[in-house]
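For reference, the structure discussed in these notes is given below.
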Amino acid sequence: MGFETLYEGKAWPEAKERLGVMSVDTLNRIWLLVLEEDGYLIAIAKNGEDALLGRMCKRDDGKFCIEIVVRAPIENNMLGRYEFWHVDSTDKQRHAQRLNEVIRDHLA
């Protein structure tokens, strides 16, 4: 299943093309879906080295995409140092905790 099927038939907020915005084409090439909920998706890299949580949206050119919220390397089946992208500072802890919970359960 490609990531684009998650977007079909729904209205999505618009995002400008910029650093930290990833198209579904790139998602399909590099990432595997772990979970989609409430307009966010969590994915793990196909090589097993990284995990991310992203906000689902549509670029201003019409392509479906995500805005990366938090990304982290996977080291010894645990998430390493979190990289925060498009997220309000008051929400960082909540998003990092959700990514950690889902990936921990996925790797177990």
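Listed by first and then second residue, the pairs with beta-carbon distance under 9 Å, at least 6 apart or on different chains, first residue in segment 46-61 and touching a residue at least 12 places away in the same chain (Cβ under 8 Å), second among the basic types (Lys, Arg) and crowded, with 17+ Cβ neighbours inside 10 Å, are Asp50/Arg71; Ala51/Arg71; Leu52/Arg71; Leu53/Arg71; Leu53/Arg98; Gly54/Arg71. For segment 40-53, state whether one or more residues are in contact with an Asp or Glu (Cβ under 7 Å, 6 or more places away or on another chain) and either at pLDDT 95 or above or over 18 Å from Val102 (Cα atoms) (or both). No, the conditions are met nowhere in segment 40-53. For segment 1-24, taking the residues that are part of a loop (DSSP other than H, G, I, E, B) and either modelled with pLDDT of 95 or more or of a type in the set (A, V, I, L, M, F, W, C) (or both), the one that is nearest to Cys65 (Cα to Cα) is identified as Trp12.
Of all residues being in a helix (DSSP H, G or I) and touching a helix residue (DSSP H, G or I) at 6+ places or on another chain (Cβ under 8 Å) in segment 25-41, which is surrounded by the most Cβ atoms within 10 Å (Cβ to Cβ)? Just the residue, please. Break it down stepwise before answering.
Residues of segment 25-41 that are in a helix (DSSP H, G or I), as a first pass: 25-30.
From what is left, the residues that are touching a helix residue (DSSP H, G or I) at 6+ places or on another chain (Cβ under 8 Å) are 27-28.
Numbers: Leu27: 22, Asn28: 15.
Step by step, filter segment 25-41, then rank; the result is Leu27.
If the condition is being in contact with a His (Cβ under 8 Å, 6 or more places away or on another chain) and closer than 16 Å to Val87 by Cα, then segment 43-67 contributes Leu53, Arg55, Glu67.
If I go through segment 90-108 residue by residue, how many of them are modelled with pLDDT under 95 and not in a loop (DSSP other than H, G, I, E, B)? Quick ask: steps written out before the conclusion?
Of all residues in segment 90-108, those modelled with pLDDT under 95 come to 104-108.
Of the ones still in play, those that are also not in a loop (DSSP other than H, G, I, E, B) are 104-107.
Selection size over segment 90-108: 4.
Applying the condition of being of a type outside the set (A, V, I, L, M, F, W, C) and in contact with a strand residue (DSSP E or B) (Cβ under 7 Å, 6 or more places away or on another chain) to segment 42-52 and asking which residue is surrounded by the most Cβ atoms within 10 Å (Cβ to Cβ) yields Asp50.
The values are calculated or read from the model by the stated rules, or taken from the named source; none is laboratory data. It should be emphasised that the depicted structure is a prediction, and the values quoted were computed from it without experimental measurement. Because the Cβ atoms are built from the backbone with ideal geometry, glycine has one as well, and the counts that use them run over all protein chains shown.
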